Amino acid sequence: MQIVILKDAAEVAHYGAQIFVDQINKKADSVIGLATGSTPVALYQDLIARNAAKEVSFAAVTSFNLDEYLGLTGEHPQSYRYFMNEQLFNHVDIDKSNTHVPPGDAKNPLTACKEYEAKIEAAGGIDVQLLGIGRNGHIGFNEPSSGLTSRTRVKTLTKATIEDNARFFAADEYQPHLSITMGIGTILDSRKVVLLATGANKADAIQAMVEGPLTAACPASALQMHRNAVIVIDDAAASKLA
Ligand code: F6R
């Protein structure tokens with residue numbers, strides 16, 4: 001693991017965006033893995049600005065998102081498909097038919113999981129996968145106790161994750177408890193992994209991921225086994241590292 005510690009969230013976003021810009025400028029038809037949540041928003045804004053400035057083009061890029069709520073269609077404002085359209089895809093020159101998010105409205109979710117894996121494989125695998133990290137050490141929706149070789153599948157969200165994500169849902173709005181997520185094995189197959197984390201509330205998870213044992217109790221610790229993982233964090237998220 002390469003650990004990069006920067007001053008603040010803005011520097012983290014810029015550093016992370018540069019990795020994607022370099023990758024796409026090296027290989028125009030790169031396959032990139034994307035994440036949702038609060039952390040990548042600033043990185044996406046950076047990519048939008050650099051696309052507008054013609055410093056990078058997504059015209060030949062294919063993308064695969066990590067996860068999606070099961071039970072929400074892509075039109076639902078809290079779905080991760082909707083988030084990606086709003087936060088990135090609608091504002092850059094990517095061909096939407098080359099963007100993939102697990103189908104939250106799949107009639108047969110188990111088949112949909114297998115199909116998602118097959119699509120990643122058919123695209124040639126993921127060149128660079130973007131990740132955030134949950135306070136409980138989850139990556140994607142691979143909650144603690146997830147198998148370290150798991151593939152794309154249906155996962156139940158933990159109480160902690162449901163509580164953390166409740167901020168995105170109105171008080172009387174249905175909040176899904178199930179998801180489709182790439183597995184840890186799927187993520188580890190990516191040729192490069194870039195995990196971003198900012199803020200003191202991620203410091204325990206970062207400490208467990210970097211310095212703790214390799215364990216399913218902290219799914220992100222599986223990245224210790226990845227030969228090309230870059231962890232980009234700010235001072236606050238790094239505050240519990242030795
Ligand atoms: C989202 C995802 C999650 C988030 C994590 C951190 O696609 O895969 O693992 O990366 O929950 O979320 P934020 O960035 O909101 O703290």
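The values are calculated or read from the model by the stated rules, or taken from the named source; none is laboratory data. Computed from a predicted model, the values in this text were never measured in an experiment. Cβ coordinates were reconstructed from backbone atoms using ideal geometry, including for glycine residues, and neighbour counts include every protein chain displayed.
In the condition set (1) within 13 Å of the ligand (Cβ to nearest atom); (2) surrounded by fewer than 18 Cβ atoms within 10 Å (Cβ to Cβ); (3) under 29 Å from K26 (Cβ atoms), L130 is compliant with all but (2). Within this structure, G212 passes the test of being out of contact with any strand residue (DSSP E or B) (no Cβ under 6 Å at 6 or more places or on another chain), on the phi < 0 side of the Ramachandran plot and at pLDDT 95 or above.
Mind listing whichever residues of the range 146-167 are at pLDDT below 95 and not acidic (D, E)? Show your work before the answer.
From the range 146-167, those at pLDDT below 95 are 156-167; that's our starting set.
Listed by number, the residues that qualify are T156, L157, T158, K159, A160, T161, I162, N165, A166, R167.
When restricted to residues that are in contact with a Pro (Cβ under 8 Å, 6 or more places away or on another chain), part of a loop (DSSP other than H, G, I, E, B) and hydroxyl-bearing (S, T, Y), the range 202-242 contains 0.
Condition check ((1) within 19 Å of the chain's Cα centre (by Cα); (2) of a type in the set (D, E, K, R)) across all residues:
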{"position": "N51", "(1), (2)": "no, no"}
{"position": "N85", "(1), (2)": "yes, no"}
{"position": "L88", "(1), (2)": "yes, no"}
{"position": "D105", "(1), (2)": "no, yes"}
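Here's a check for you: in the range 196-225, which residue that is within 21 Å of R153 (Cα to Cα) and not small (G, A, S) is surrounded by the most Cβ atoms within 10 Å (Cβ to Cβ)? This residue is P219. Taking the range 166-191 as the range and being in contact with a helix residue (DSSP H, G or I) (Cβ under 7 Å, 6 or more places away or on another chain) and buried (at least 22 other Cβ atoms within 10 Å of the Cβ) as the test, the residues that pass are I180, I184, T186. Please tell me if N136 is within 13 Å of the ligand (Cβ to nearest atom), surrounded by fewer than 22 Cβ atoms within 10 Å (Cβ to Cβ) and in a loop (DSSP other than H, G, I, E, B). For N136, the condition - within 13 Å of the ligand (Cβ to nearest atom), surrounded by fewer than 22 Cβ atoms within 10 Å (Cβ to Cβ) and in a loop (DSSP other than H, G, I, E, B) - is met. Looking only at the range 139-160, residues that are near the ligand (Cβ under 9 Å from one of its atoms) and not in a loop (DSSP other than H, G, I, E, B) come to 2 in all.
The requirement of being surrounded by fewer than 18 Cβ atoms within 10 Å (Cβ to Cβ) and within 23 Å of H14 (Cβ to Cβ) is fulfilled nowhere in the range 60-79; no residue meets it.
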